[in-house]
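Here's the structure we're looking at; comments come further down.
Read-outs: derived from the displayed coordinates by stated rules, not from any lab. Keep in mind that this is a model prediction, so the values were computed, not measured. Positions of Cβ are generated from backbone atoms using ideal geometry, with glycine treated the same way; all protein chains shown enter the neighbour counts.
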Amino acid sequence: RSAVAFKSGLACVSLLDSTYYGYIDKKNNWIIKPKYLRGGDFKDNYAVVFTTRNYTLSSDNSGVIDKTGKEIVPMKYDYITVEDNFFIVKEIRKENYLTVTRYGILDFSGKVLLPIEYAAINKKYGTDFYETQKSSKYSLIDNNAKFVTSGEYDYIYTFSDFGISYLKKDDKFTVIDKTLKTIIPERGAANVIFGRKNKLALIFNNKIEVYNETGKL
């Protein structure tokens, strides 16, 4: 009834007379029998699959299987993404009469690395890090879900094309590079502006200082 491209040697398909999906190999053998409402592509050894519909929250319950069909993550999350070293899971919950979304991280065995209590977990553009948000505070973690920033910040700016960003905390700015090395320490600036040609400016009440991407004034 439908077909997609083979990924990691398997394709998610359904039969003409069925509403359920499974996975076949390139010889048209069922490797994982059709029993899912839908399924994602395999990324290496893992794929996200979806089962029963949660009509209250307008969400399909999802989990993760490996290429043998073994359930790695139970079918209880509202969405899951497969990253290089872990799974990011999402839950939609009712908290104080409000519908909220919470995120966490599981390893490839299903063990919790970060509890499901974050408002967001996203890959930080231009780096190998992920940004976490909780209670309007931001931090960075590495590919092992370990925190690499010293504390929580009010804002972490997007890394520029020349590989620098800034951390903001209590209206104070610290400029860092992609290795999280401090290249311009906090100096009491009122703002930081990134420009072209690998330049940035620290804006003070009575002056402007212009630096290059290495932190040289």
Dipole of segment 1-117 (Lys/Arg Cβ +1, Asp/Glu Cβ -1, origin at the Cα centre): which of SER18, THR51, TYR77 lies farthest to the positive side? SER18
Taking the simple approach of a point 7 Å from Cα along Cα-to-Cβ for both TYR155 and ALA120, what is their distance in nm? 1.3 nm
If you project the alpha carbons of segment 115-217 onto their three principal axes, what span does each projection cover, largest first, in Å? 45, 25, 18
Please give every one of the lysines within straight-line cross-link reach of LYS216, meaning a C-alpha to C-alpha distance under 26 Å, and leave out same-chain neighbours fewer than 8 residues apart. LYS124, LYS168, LYS169, LYS172, LYS178, LYS181, LYS197, LYS199, LYS207
Using DSSP to call loops (not H, G, I, E or B), can you name the chymotrypsin sites (Phe, Trp or Tyr not before Pro) in segment 95-188 whose Cβ has at most 11 other Cβ atoms within 10 angstrom? TYR97, TYR125
Lys, Arg +1 and Asp, Glu -1 on Cβ, resulting dipole of the chain about Cα centre, debye, nearest 20: 280 debye
Segment 97-140: trypsin sites (Lys or Arg not before Pro) in DSSP coil with no more than 13 other Cβ atoms inside 10 Å: LYS111
Of the trypsin sites (Lys or Arg not before Pro) in segment 155-217, those whose Cβ has at most 16 other Cβ within 10 Å and which sit in DSSP loop: LYS178, LYS181, ARG187, ARG196, LYS197, LYS207, LYS216
